[in-house]
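Report on one structure; see the data block that follows.
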Amino acid sequence: MLLFLVFVICVLPLIPLVASWANVEADLWSHLWQTELPELFSNTIVLILLVGSGSFLLGVGLAWLIVMYDFRGRNILQWGLMLPLAIPPYILAFVLLGFTDFGGPLQKLLFSMGLGIGWLPDMRNPFGVALVFTLTLYPYVYLLMRSALQRKGRSSYESARTLGYGKIAAFWRLVLPLTRPAWVAGLALVLMETLADFGAVSIFNYNTFTTAVYKSWYGFYSHNTAAQLACLLLLFVSLAVMAEKWGRGKGRYEQSGAALKQYRQELSGLWGLLAQIGAWSVFALGFVLPVIQLLVWAISSFEQHTEGTIELLLNTVTLAIMAAVLTLVVAGVMVWSQRQKQTKTRGVMSEFSQLGYAIPGTVLAVGIMMVLNVIDSWIADIVNEQSQWLATGLFALMLAYVIRFLRIGFGPLSSSMGQIKSSIVETAGILGAGKRERLFRVYIPLLRPGVLTALLLVFVEVMKELPATLILRTYGWDTLAIRIYELSSEGQWETTALPAIMLVAVGIIPVFLLIKKSEI
């Protein structure tokens, strides 16, 4: 019963999005088609192609380099290349623009060296936006591909070489197909995050469907049009999800078990130098330089722009704690329900309940707002008083967080629960332990690692979340992400640095957890 309730709550926001097509505002859609829709489609497709290609090349190439070869600095780079995950795209976006814009640090440096700036490219173009997403999201591909190569990298490669394949042919014709579920799953995550983003594309003034949904909601005040645009965005997201399912298939050729210790070929001379330059450049551009620039800006403006930052930090942490606990409770209900009785129906409801992570925050926020507005209207009719208790309170925001990040909380809990053998619980029962005692003395201690991981991951994701918070936040509950978006939209780079460095500092924590669990 509880699992069914969770399923209904998670799927309900999608219903008004589909139902919105019953009332199409022809004049507004005609205006959109003549002015924005062609640009939205072309911008979105171009962005997907550029980010997908860049993330594939960086993620797969760096994973192959780290797993298969040994060179100076490899031990640092194997975990350093994951650190860009700690930097949200919207933070790297304003750092890149602030660093390269007129009068920025880069131009000042070139002037001091007596060099001209006419050759510098304008970063406000599709390639600049794609560079931001690629540098912050390629670790998804890198992490999954590296894990797959650890299990079947050199063994598959050497097998192909013994069959007469050259180095390039062995990689493209055997290694890459065998690891397809890994890199396709990573690319699907990259594309879903790219389609869901609102902050980075807004900072670059690069119009996509997420910005169009927001403008329709707050600019045209047309909720139906916003919902219909959200449906179109969902089509793109669905393609990314289908690509991940297609790439993973049934997963039968993915080996399990611990990674094998493998011999790595020594890279020296020119090839070793090129490997170092390439890998260190990605690490520097994706993490080191942005962090240094943020620290410089934060220090220079610390005394002038600290007002209200502590309050924003407290708001952010409070919302993140509340959302993490609620998400953990809901995820725990789902995991426990499946543990008690596994059926096909429960499995389907569980999968659909976790679709929120594939839904952009803007789309989810619009769906939730439309549902809660209807419920508020029903309540107003009953009490004969106009109100928006649900749609304008913290309830809407918490609901969005739980639906959006339920999969993140469910994963670690489900993994920990799967490691608890039924024989252990049965033995405790034979020894006289009742249901309550088995819960507190068997399940909870063994679930503790999964619980802590889930809490931490959801906590950090909520801190960084922007589009849903921007639409659903209530008065007095602005967050660090909101402040970053507002200040960066006005070009106040130095003022934005302090809240940004706070988010980056906290975001490093789950990345280090990933590093610890994936050491080679």
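Derivation of every value follows stated rules applied to the coordinates shown; laboratory data play no part. Quantities reported herein were computed from a predicted structural model and do not represent experimental measurements. Using ideal geometry, Cβ is built from the backbone for each residue, glycine included, and neighbour counts are taken over all protein chains shown.
With a cut-off of 15 Å between beta carbons, the residues surrounding ALA323 carry a summed charge of +2, where Lys and Arg count +1 and Asp and Glu -1. Computed packing ranks the peptides 271-284, 499-512, 137-150 as 137-150, 499-512, 271-284, most packed first, by mean other Cβ atoms within 10 Å. The local environment of LEU233, defined by Cβ-Cβ distances under 14 Å, has a net charge of -2 under the rule Lys, Arg +1 and Asp, Glu -1. Taking the fewest neighbouring Cβ atoms within 10 Å as the starting point, the ordered list for SER337, SER53 is SER53, SER337.
Annotation: the residues LYS167, LYS344, sorted from fewest to most other C-beta atoms within 10 Å of their own C-beta, follow the order LYS344, LYS167. Potential lengthening of the chain between SER489 and GLU351 amounts to 46.0 nm, from the contour at 0.36 nm per residue minus the alpha-carbon distance. Ordering GLU351, GLU193 from the fewest to the most neighbouring beta carbons within 10 Å gives GLU351, GLU193. For ALA468, the shell of other residues with beta-carbons less than 13 Å away shows a net charge of 0, using +1 for Lys and Arg and -1 for Asp and Glu.
Quick one: grab the alpha carbon gyration tensor of region 1-111, order the square roots of its eigenvalues as a ≥ b ≥ c, and give me rounded if a/c is under 1.5, else prolate or oblate depending on whether a/b is larger than b/c. Oblate, because a/c is 1.5 or more while a/b does not exceed b/c.
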